[in-house]
């Protein structure tokens, strides 16, 4: 189920970019046709030279704007973030992950958790690293831009411009850690659990 959600998110992002490019291209084609029609009207003497130049300038400005948008989208397409290897993720999950107990395995944390960000006392963001890195290879550096997703006021103080995945991580789903689950976890570690002081925790899973 988790792999299916990740795959759908990746495909959806690609489709949105492609749809936007197609929309801009259709608008561009219509403007090109309009410009050709304007030239024909001038050749036939249906409009004056001044009218032709005025309308041509307006149409050309719209064409230039659309071409710039299309170039910008094309430049963003080759993202530096490695593509999600859904098949590898599924094989790894199927091979050794067990979610039936109160604790998350160290293998899961090492393989997929890039960092954990404290949002407030009861809310955490888990940033996942789903790139197809191999054990022993250099991993991505922790995402230092996860916090501004929730505290936008801090973004103004950021000196560098990160990629979209860093500046605006995509939320996949959220989970709630209840009192019962926390108590079971403490018991598994032999720790005392203070039920009266417990407040449910929210974990936001994002990439």
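The values are calculated or read from the model by the stated rules, or taken from the named source; none is laboratory data. No experiment lies behind these values; they were computed from the predicted model shown. FYI the Cβ positions are ideal-geometry reconstructions off the backbone, even for glycines, and counts take in every protein chain you see.
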> Under 6 Å by Cβ, and 6 or more places apart or on different chains, what pairs join a residue from region 41-64 that is within 25 Å of residue 26 (Cα to Cα) with one that is not in a helix (DSSP H, G or I)?
Replying inline: 41/47
>> Yes or no: region 14-22 includes at least one residue that is surrounded by 14 or more Cβ atoms within 10 Å (Cβ to Cβ), touching a strand residue (DSSP E or B) at 6+ places or on another chain (Cβ under 9 Å), modelled with pLDDT under 90 and in a helix (DSSP H, G or I).
In response: no
